[in-house]
Amino acid sequence: MEDFMQWVAVVFNLGFLYFMIRERTVAWPLGIIGSFIMIFLSWDARIYLEAIVYMFYVVLGFYGWYRWSAGPEHIEQTADGVTKTGIVRWTWLAHLRWMIAGFFATGLLGYVFNNFTDAKLSYLDAFSTCFQLIATYLETRKVLSSWLYWIVLNVFAIWFYSRAGLDVVAIVQMTVYSIFSIIGYFSWLKKYRTQIGQ
């Protein structure tokens with residue numbers, strides 16, 4: 001039954017990624033369903049932080065669905081009023097702040113789950129969880145480099161999920177995610193360049 005549920009989660013999560021690359025709002029409900037299933041699979045595999053991150057994915061899925069519901073471009077409220085923006089780029093300083101926060105949270109969560117639970121792979125789980133949350137937040141904001149975070153995280157996740165015993169997710173979903181993240185980056189880069197007139 002667990003293998004079957006892994007396949008169901010994989011189908012919904014691949015649908016999410018396919019439509020995310022194309023900036024289609026339907027990506028979000030697919031991601032919510034896939035994430036909901038992954039909560040239980042991760043908990044059963046004793047990678048509790050992954051289960052928690054998938055809970056956040058459900059919440060962030062609703063946030064992303066809301067933000068994108070106006071169409072392929074989201075609306076940003078600025079001090080001067082409302083302006084339409086599409087894909088955006090962040091400065092290296094903005095990324096550095098998020099990375100410092102991510103590594104700090106990794107150490108803290110890794111320590112807590114390593115010392116106070118029966119969790120497996122606590123520090124690796126914490127790394128994956130913290131940076132997945134950051135990448136997902138960037139994705140909801142349509143930050144181009146969110147795809148670069150995902151490339152690193154998805155390649156890492158092939159090994160991580162395999163170690164946790166979720167082989168279908170590791171081999172099928174994360175391998176395809178790694179490839180699609182590269183495609184997603186170049187797809188959004190092309191749209192970004194068109195958007196800014198390059």
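Taking the Cα centre of the chain as origin, work out the dipole magnitude from +1 charges on Lys and Arg Cβ and -1 charges on Asp and Glu Cβ, in debye rounded to 20. Can you show the working numbers first?
Details: 14 positive and 12 negative charges, 147 e Å.
It comes to approximately 700 debye.
What is the helix-to-structure angle for 48-68, meaning the angle in degrees between its Cα long axis and the longest Cα principal axis of the chain, kept from 0 to 90 and rounded to the nearest 10?
20
If each residue's Cβ is checked for other Cβ atoms within 10 Å, how do Thr175, Thr140 rank with the fewest at the top?
Details: Thr175 14, Thr140 18.
With the fewest neighbours first, Thr175, Thr140 line up as Thr175, Thr140.
Evaluate Rg over Rh across the chain, taking Cα atoms for both radii and Kirkwood's formula for Rh.
Values: Rg = 16.8 Å, Rh = 17.2 Å.
Result for the chain is an Rg/Rh of 0.98.
For Cα pairs less than 8 Å apart in space and 6+ apart in sequence, what is the mean separation divided by the residue count of the chain, i.e. the relative contact order in percent? Mind showing how you got there, number by number?
Details: 272 pairs, mean separation 42.8, N = 198.
Result for the chain is 22 percent.
Mind giving me the nanometre distance, one decimal, between the label points for Lys120 and Leu148, set 7 Å out from Cα along Cα→Cβ?
Simple spin-label model gives 3.3 nm for this pair.
Suppose only helical runs count, i.e. DSSP H with n ≥ 4. What mean residue ellipticity at 222 nm does that imply for the chain under -39500 (n - 2.57) per run, divided by all residues and rounded to the nearest 500 deg cm²/dmol? Spell out each step's value before the answer.
Details: 7 runs with 142 residues, N = 198.
Taken over the chain, the calculation gives -24500 deg cm²/dmol.
Want the number for Phe186 to Asp44: 0.36 nm per residue separation, take away the alpha-carbon distance, what's left? Can you show the working numbers first?
On the way: separation 142, 0.36 × 142 = 51.12 nm, distance 3.57 nm.
Computed gain between Phe186 and Asp44 is 47.6 nm.
Counting C-alpha atoms alone, how compact is the range 112-198: give Rg to one decimal and Dmax as a whole number, in angstrom.
Rg, Dmax (Cα atoms, Å): 15.3, 53.
Using the number of other C-beta atoms within 10 angstrom as an exposure proxy, rank Met38, Met55 with the fewest first. Mind showing how you got there, number by number?
On the way: Met38 26, Met55 16.
By the 10 Å Cβ count, ascending: Met55, Met38.
Rounded to whole Hz and in sequence order, give me ³J(HN,Hα) for the range 10-19 from the Karplus expression 6.51 cos²θ - 1.76 cosθ + 1.60, θ = phi - 60°, writing x for Gly and Pro.
Residue by residue, the range 10-19 yields 4, 4, 5, 5, 5, x, 4, 5, 4, 6 Hz.
For a quick check: with amide H placed at 1.01 Å from N, whose amide H comes under 5 Å from Val143's, ignoring anything fewer than 5 positions away on the same chain?
Those lying under 5 Å, H to H, from Val143 are Val88.
No value in this document is a laboratory result; all are computed from the given coordinates. For clarity, every value in this text was computed on a predicted model and none was experimentally measured. As a convention, Cβ positions derive from the backbone with ideal geometry for all residues, glycine included, and neighbour counts pool all protein chains shown.
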